[in-house]
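Beneath this line is the structure, given in C-alpha cells, with notes to follow.
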Amino acid sequence: MRLSIISHFYNHVDEVLHQLDRWRQIDPALLAQLEFIVVDDHSDQIIPLPAGNLKLRVFRVETDIDWNQAGARNLGALMAQGEWGLFFDIDQALTPEALPVILHNLDRLDTATMYSLRARGLYNDVDQVEAAFHVNSFLVHLPTFRKLGMYDEDFVGHYGYEDIYLPLVWQANGGKRLLLNEPCFFEGNLGFRTERLDRSLERNKALGTAKLQALQARQGPVKVSPSHLLRFEWREMETAA
C-alpha cells in the first residue's frame with residue numbers, strides 16, 4: 001500500500017458518512033493505491049461505517065477520554081499499512097487535485113521530511129486570520145514517523161498544543177519540515193466541530209511551555225518510547241457493506 005489516509009472523529013457521524021461519500025468518488029485507479037484508516041474516539045453512538053469501494057479500516061477507542069486526538073492519531077499511525085501517511089482532521093476536504101499530485105510524486109519525496117499542505121478558506125480559530133495550512137494536516141513517511149515523531153499523549157485529556165509540540169519533537173529528532181504550495185490540497189473546514197467539551201488552553205499551554213523548555217535544554221535526540229503510546233483500550237470495528 002502506497003498511501004494511508006488517516007483521520008479520526010468524535011460524534012458527528014453523519015458528517016463522517018459524507019466524508020466517506022467524497023472518498024468513494026476518487027478515481028478507482030487512485031483508490032487501488034490507498035487505504036483509509038478512521039479512528040472513532042469514543043463517540044456516543046456506535047454506528048458501523050460502510051466501506052463500499054474503499055479499503056477501509058475502522059478502530060474505536062473504548063476508553064472515555066476527553067480530547068484524545070493525540071492517542072487517536074497515534075493509533076491510526078501504528079495500524080496503517082501504507083508506506084506514507086496523509087493525516088488530516090475529518091472536517092477538512094481534499095481537493096480533486098490533491099491525491100493525483102501526491103501519489104505521482106511520492107517516490108521523489110524525502111522520507112525524513114514532514115510535509116505541510118497548502119489549504120484555502122482555512123482560518124485560525126483564535127484570531128480568524130486566514131492560514132496557509134493546518135498544523136494537523138501533513139504528509140509523512142510512516143516508518144520514519146514512528147521513529148522520529150508520534151504525538152505526545154501527556155496532552156490528552158485537555159485541549160490543544162499536542163499538534164504544536166509534535167513537529168518540534170520531529171525536528172529535535174533530526175526530521176525536517178517543508179510546505180508544499182502547489183496545488184491547493186485542502187478546502188477549509190466543513191463547518192462542524194467537537195462540542196460539549198472544555199476548550200480551555202490553560203493546562204496544555206503550561207505543559208507545552210514546560211516541554212519546550214525541556215526540549216531546548218536536552219542534549220542529543222528525543223526518543224519517543226512506544227510504552228508511552230496508546231494509553232487506552234481500543235478495538236478494530238467491523239465495517240458495513
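Residue-wise test of (1) farther than 19 Å from Phe185 by Cβ; (2) buried (at least 19 other Cβ atoms within 10 Å of the Cβ).
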{"residue": "Arg22", "(1), (2)": "no, no"}
{"residue": "Ile37", "(1), (2)": "no, yes"}
{"residue": "Ile46", "(1), (2)": "yes, no"}
{"residue": "Gly52", "(1), (2)": "yes, no"}
{"residue": "Lys55", "(1), (2)": "yes, no"}
{"residue": "Ile65", "(1), (2)": "yes, no"}
{"residue": "Gly76", "(1), (2)": "no, yes"}
{"residue": "Gln81", "(1), (2)": "yes, no"}
Q: Determine which single condition Met114 fails, assuming it passes every other condition in (1) in contact with a helix residue (DSSP H, G or I) (Cβ under 6 Å, 6 or more places away or on another chain); (2) in a loop (DSSP other than H, G, I, E, B); (3) at pLDDT 95 or above.
A: (2)
Q: State whether one or more residues within segment 96-108 are in contact (Cβ under 8 Å) with a residue 24 or more places away in the chain, in a helix (DSSP H, G or I), out of contact with any Ser or Thr (no Cβ under 8 Å at 6 or more places or on another chain) and among the small types (Gly, Ala, Ser).
A: yes
Q: Kindly establish whether Ile47 is under 23 Å from Leu117 (Cα atoms), touching a strand residue (DSSP E or B) at 6+ places or on another chain (Cβ under 9 Å) and of a type outside the set (Asp, Glu).
A: no
Q | Residue that is among the charged types (D, E, K, R), under 20 Å from the mean Cα position of the chain (by Cα) and crowded, with 16+ Cβ neighbours inside 10 Å, where the choices are Arg177, Arg146, Arg199 | A | Arg146
Q) Taking segment 63-84, which residues are within 10 Å of the chain's Cα centre (by Cα), closer than 24 Å to Asp110 by Cα and not aliphatic (A, V, I, L, M)? A) Arg73, Asn74, Gly76
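Residue-by-condition table, conditions (1) at pLDDT below 80; (2) of a type in the set (Val, Ile, Thr); (3) not in a loop (DSSP other than H, G, I, E, B):
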| site | (1), (2), (3) |
| --- | --- |
| Arg193 | yes, no, no |
| Leu197 | no, no, no |
| Asn204 | no, no, yes |
| Lys211 | no, no, yes |
| Gln216 | no, no, yes |
| Pro221 | no, no, no |
| Leu230 | no, no, no |
Q: Inspect segment 7-15 for any residue being more than 19 Å from the chain's Cα centre (by Cα) and at pLDDT 95 or above and give the result as yes or no.
A: no
Q: Any chance you could count how many residues in segment 141-163 are of a type in the set (Asp, Glu), under 26 Å from Glu35 (Cα atoms) and part of a helix (DSSP H, G or I)?
A: 3
Q) What do you reckon, is Leu166 modelled with pLDDT of 95 or more, buried (at least 16 other Cβ atoms within 10 Å of the Cβ) and outside any loop (DSSP other than H, G, I, E, B)? A) yes
Q: Could you check Gly71 against (1) farther than 23 Å from Phe185 by Cα; (2) part of a strand (DSSP E or B) and say which number it fails?
A: (2)
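Starting from residues that are part of a strand (DSSP E or B) and either touching a Gly at 6+ places or on another chain (Cβ under 8 Å) or charged (D, E, K, R) (or both), keep the ones in segment 127-140 and report whichever is nearest to Gly175 (Cα to Cα). Reasoning before the result, please.
Our first condition is that a residue be part of a strand (DSSP E or B); within segment 127-140, this holds for 130, 138-140.
Filter again for either touching a Gly at 6+ places or on another chain (Cβ under 8 Å) or charged (D, E, K, R) (or both), leaving 130, 139-140.
Values: Glu130: 27, Leu139: 13, Val140: 10 Å.
Only one residue tops the list, namely Val140.
Inside segment 74-93, can you point out the residues that are outside any loop (DSSP other than H, G, I, E, B) and modelled with pLDDT under 95?
Keep residues of segment 74-93 that are outside any loop (DSSP other than H, G, I, E, B), which gives 74-79, 84-87, 93.
Answer for segment 74-93, where residues must be outside any loop (DSSP other than H, G, I, E, B) and modelled with pLDDT under 95: just Ala93.
The values are calculated or read from the model by the stated rules, or taken from the named source; none is laboratory data. Source: prediction; values computed, not measured. Positions of Cβ are generated from backbone atoms using ideal geometry, with glycine treated the same way; all protein chains shown enter the neighbour counts.
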